[in-house]
1. Taking the stated definitions as given, is Ser131 of a type outside the set (A, V, I, L, M, F, W, C), surrounded by 15 or more Cβ atoms within 10 Å (Cβ to Cβ) and not in a loop (DSSP other than H, G, I, E, B)?
2. So Arg90 passes all but one of these: (1) surrounded by 18 or more Cβ atoms within 10 Å (Cβ to Cβ); (2) more than 8 Å from the ligand (Cβ to nearest atom). Which condition number does it fail?
3. For region 126-145, check the following and say yes or no: at least one residue is within 12 Å of the ligand (Cβ to nearest atom), closer than 20 Å to His10 by Cα and in contact (Cβ under 8 Å) with a residue 12 or more places away in the chain.
4. In this structure, is Phe123 within 14 Å of Arg16 (Cα to Cα), assigned to a helix (DSSP H, G or I) and touching a strand residue (DSSP E or B) at 6+ places or on another chain (Cβ under 7 Å)?
5. Residues being among the acidic types (Asp, Glu), part of a loop (DSSP other than H, G, I, E, B) and in contact with a helix residue (DSSP H, G or I) (Cβ under 9 Å, 6 or more places away or on another chain): count how many of those fall in region 21-56.
6. So how many residues does region 1-53 have that are within 25 Å of Leu119 (Cα to Cα), buried (at least 16 other Cβ atoms within 10 Å of the Cβ) and among the polar types (S, T, N, Q)?
7. What about Gln113, is it touching a strand residue (DSSP E or B) at 6+ places or on another chain (Cβ under 8 Å) and either modelled with pLDDT of 95 or more or within 25 Å of Lys40 (Cα to Cα) (or both)?
8. What are the residue pairs meeting all of these: first residue in region 38-61, first residue under 15 Å from Thr76 (Cα atoms) and within 9 Å of the ligand (Cβ to nearest atom), second residue in a strand (DSSP E or B) and among the hydroxyl-bearing types (Ser, Thr, Tyr), Cβ atoms under 7 Å, and 6 or more apart or on different chains?
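The values are calculated or read from the model by the stated rules, or taken from the named source; none is laboratory data. Quick caveat, the model's predicted, so the values are computed rather than measured. Counting neighbours? That spans all protein chains shown, and the Cβs are built from the backbone with ideal geometry, glycine included.
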Amino acid sequence: MRGKRTTLVHLIYFSRLSLSSEPQLRTSQIGDITRQAQKKNEFSVITSFLMIDQNFAAQVIEGERTLVHETFNRITEDQRHRDVLICEWREIPKREFVSSFKVVVRGGPSEAQFAKANLMPAFQRGTPKASAILALASALQTDAMSKQGIDHLFI
Ligand SMILES: Cc1cc2nc3c(=O)[nH]c(=O)nc-3n(C[C@H](O)[C@H](O)[C@H](O)COP(=O)(O)O)c2cc1C
């Protein structure tokens, strides 16, 4: 018999990034966040997906309830963004994301999915829907995986 599973939750938030407008510096700042987050999330068995659309960030974080809580507390204190607002925080039956930390910036190959999701007006009003953020993250993950030839595992 398998032991009782711990409570899985996901937390979806959005925020306003305070990153450099200089492209090279901005890329290296996103690289710094990625390195820190990947290491911590692997340790806490967190899976997550971060999307960056101009100066807005939206992230889905999945994992054991207390570990998601601890991770989110650290994230809200980070000076690299502000106005961090939770859209949804609930129990989930299973994880949807496969990486400890994956970030996709709007533009190039991701442009079509971001344009289709059209989150910007809702970000600006401060009312993005959790379901819309989740759907975009899921579509971007599917695209990324099919590029790697992994499109049969998660149907
Ligand atoms: C948009 C954004 C997303 C982040 N996502 C994560 C994350 O998923 N997990 C994580 O541990 N840290 C994440 N961080 C970094 C944390 O805010 C923090 O800097 C990092 O966990 C190190 O915390 P510490 O300095 O208290 O050790 C994120 C930061 C930003 C700005």
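1. No, not satisfied.
2. Arg90 satisfies every listed condition except (1).
3. no
4. Details: within 14 Å of Arg16 (Cα to Cα): yes; assigned to a helix (DSSP H, G or I): yes; touching a strand residue (DSSP E or B) at 6+ places or on another chain (Cβ under 7 Å): yes.
Against the criterion (within 14 Å of Arg16 (Cα to Cα), assigned to a helix (DSSP H, G or I) and touching a strand residue (DSSP E or B) at 6+ places or on another chain (Cβ under 7 Å)), Phe123 qualifies.
5. Of the residues in that region, 0 qualify.
6. Total satisfying the criteria: 4.
7. On the way: touching a strand residue (DSSP E or B) at 6+ places or on another chain (Cβ under 8 Å): no; either modelled with pLDDT of 95 or more or within 25 Å of Lys40 (Cα to Cα) (or both): yes.
Considered against the rule, which asks whether it is touching a strand residue (DSSP E or B) at 6+ places or on another chain (Cβ under 8 Å) and either modelled with pLDDT of 95 or more or within 25 Å of Lys40 (Cα to Cα) (or both), Gln113 comes out as no.
8. Listed pairs, sorted by first residue: Ala57/Ser15; Gln59/Tyr13; Gln59/Ser48; Ile61/Ser48.
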